Structure formats: C-alpha cells, structure tokens
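Here's the structure we're looking at; comments come further down.
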Protein chains: 2
Amino acid sequence: MLPCACANLRRAARAVTQLYDRELRGTGLGVTQFTLLQALARIGELSQGRLGNGMSIDSTTLTRTLATLRKAGWIAVRTGGDRRVRLISMTAAGRRQLERSYPAWERAQERLRRILGDPRWEALGDLTHRVVRSAREA
Amino acid sequence: MLPCACANLRRAARAVTQLYDRELRGTGLGVTQFTLLQALARIGELSQGRLGNGMSIDSTTLTRTLATLRKAGWIAVRTGGDRRVRLISMTAAGRRQLERSYPAWERAQERLRRILGDPRWEALGDLTHRVVRSAREA
DNA sequence: CCATAATGTATGTATATACAACTTATTGTC
DNA sequence: GACAATAAGTTGTATATACATACATTATGG
C-alpha cells in the first residue's frame, strides 16, 4: 500500500472506473458522461460553473466535456440573463440515453457493492463525501 | 451526494488531486509523476506491465506517461532477457527530483490529514485498498 | 520443429483533466 | 457615466486515461 492518500484515491478511482466502463460498454456512455447526465436529471438546469463546482471539475474542463454531450444531442446549452453564463440542461434524447445506460450502471453498482459488502459500501459514500469537503478546506 | 460510487470516488480523486498538485506546483512534478517515482524508489526495477498492474494503470497508458519521465531523465528503460519486456528504474536525477518534491507532498498529506482527522485518514487508506481489490474481483 | 496461441508493448484515436492567458460581460467606484 | 476590478467561459497547451488494433517475441501443442 502506497503512503500517499492521493495516489491511493486515484488508483481506486481508476480501478472502479474500469469496472463501470466495462459494464457500460456498448450502451453509448462512459461513466463520466453517465454521471453528468445523471446529475442533470436530478438537479435540472444549472450553470456550467455551478455544475463544475458540484462535481469538483474545473469549469474549463467542462467546456470540452460538455461539448461532446452537446454534439451527441444529450444536453442543451443556453445563455441566461447574465450573458456570460451558460445554462446546461438535459434534452429528451439525453434522458432516453441515460435510461438506456441505467441497467448497466446498476449492474456495476451491484457487483461492487456485493463484493465490498454493505457496511464498506456505505462507508465509501460517506468518506468520499467528507474527503471532498476536507480537500476544499485544506 | 450522488448515488454512484464511481462518481463519488472520481470526484474525491479530483478534489484531492487538485490539493496535491497545488502544493506540488513549482517543484517540477505533478502528483501522478510523483507517485510513479515514489513507487519506483520503493520497489526498484520492474517491468512496465507489473508497474501498471500495481497501480491499476493500463499498461498502454504507461507507454506515454513513462515517455514523459524518460524524456525528463528521471527514469531509465532497458530490455531484459525477454525482449518484449521494458524494465523501468529510477535514475539518480529521478531520485533528486523526488527528494526536491518531497516536502511539498508531505505538506499536502499533512493538510489533508489534519482536516480529515486521523481515524478517517486511516480508514481512507484501508478502504481505497479494499476497493481496488474488490473492483478487480467484480 | 513448426504452426499457432498467448504475452508485452506501441500506436491511433478519443475523452478527461487542469492551468495560463484571453475575451466578453457585469459590478463597483468615483 | 467612464474606468477599474471582478466574474464566467473559451482556447492553447500539456498530461492522464483506456480501448482497439498492430507488432514483435515467447510459449505451447502436435
């Protein structure tokens, strides 16, 4: 086990991403795209900046990540009252795509949960949440 | 909090990576490179495949990540008895660079550890390790 | 032995990630 | 109201990430 918390987190994220992407393969979405659509489905329209803040993704990263989703027709981008702001929302096609990928995502969740065990699965959700908050304060 | 374990892990990894990279800025290494050098310092020479396996990094990803380190002169690559294999080791320059970046890395570790608290810090090390193993089995 | 399968890495391609510098738009100050 | 300061996104650049495919080498079955 490496002594670096960041290295360990990144390694876990890679391993789990590989699991989820394997399950999602063929559904049309990668786990990053799935996550963004799932967030938009729950939250509704919001600005690029707030979306990035909520996901701890740099807003400049989202410019290009969202461009992919927009080209695929899964999200719509409009300009609000403040014309610097880009308001992002999911389209009907985006919702259909999300639903198409949903079973594969659930399978990935279930597979990891079963092997990890319920207590650790819960602990993982709690701990990742706390880690995000801590990293922001630090 | 998102319902997706993968999304939560990736978000935590991004947030923590941003913290560590902020601290490492100006030392010449990003956290990925620091991690690879630190691993090589501990383990010594090993093949690209084994390195990738230990870090849960696809071996084909390492081809280009390691190329950067080699160009910088921090690692050496040689061919062993099996001529398909690339054996990776750290150079003296690599060790000096690692030592130069070490204090910044320790600061990042300490900042996160202090805010997260020791019990959760320990739990994070344990849990990320278990998650990697679970994701591989799953 | 030799044909074939398996293995280790490289390359082509696509997405993800973030920082520095820039552009455009808003806000604050006088 | 003009001008400086601030804020939201975009673009240029560099690294990180992995899959499909290709290539070279080694192992294996007959």
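The values are calculated or read from the model by the stated rules, or taken from the named source; none is laboratory data. Given the structure is predicted, the values throughout are model-derived calculations rather than measurements. Neighbour counts are summed over all protein chains in view; Cβ atoms, including those assigned to glycine, are modelled from backbone coordinates with ideal geometry.
When the residues of the range A:91-115 are filtered to those that are of a type in the set (A, V, I, L, M, F, W, C) and within 16 Å of DNA strand D (Cβ to nearest atom), the one that is farthest from A:Q38 (Cα to Cα) is A:L112. Kindly evaluate B:S56 against the criterion of being small (G, A, S), surrounded by 15 or more Cβ atoms within 10 Å (Cβ to Cβ) and either at positive phi or within 9 Å of DNA strand D (Cβ to nearest atom) (or both). Considered against the rule, which asks whether it is small (G, A, S), surrounded by 15 or more Cβ atoms within 10 Å (Cβ to Cβ) and either at positive phi or within 9 Å of DNA strand D (Cβ to nearest atom) (or both), B:S56 comes out as yes. Only residues that are within 8 Å of DNA strand D (Cβ to nearest atom) and in contact with a strand residue (DSSP E or B) (Cβ under 8 Å, 6 or more places away or on another chain) were counted across the range B:70-84, and they come to 0. The residues listed here are B:R10, B:R25, B:R50, B:R64; of these, the one that is basic (K, R), buried (at least 22 other Cβ atoms within 10 Å of the Cβ) and over 13 Å from the mean Cα position of the chain (by Cα) is B:R10.
Residue count for the range B:58-76 under the criterion of being in a helix (DSSP H, G or I) and either within 10 Å of DNA strand C (Cβ to nearest atom) or under 22 Å from B:V132 (Cβ atoms) (or both): the result is 10. Within the range B:56-69, is there a residue that is at pLDDT 95 or above and touching a strand residue (DSSP E or B) at 6+ places or on another chain (Cβ under 8 Å)? Yes, there is a match, as at least one residue in the range B:56-69 is at pLDDT 95 or above and touching a strand residue (DSSP E or B) at 6+ places or on another chain (Cβ under 8 Å). Within the range B:31-45, being over 8 Å from the mean Cα position of the chain (by Cα) and within 10 Å of another protein chain (Cβ to nearest Cβ) holds for one residue alone: B:R42. Among the residues making up the range A:1-30, those that are in contact with a Ser or Thr (Cβ under 7 Å, 6 or more places away or on another chain), within 8 Å of chain B (Cβ to nearest Cβ) and within 15 Å of DNA strand C (Cβ to nearest atom) are A:C6, A:L9, A:R10, A:R11, A:A12, A:R14, A:A15.
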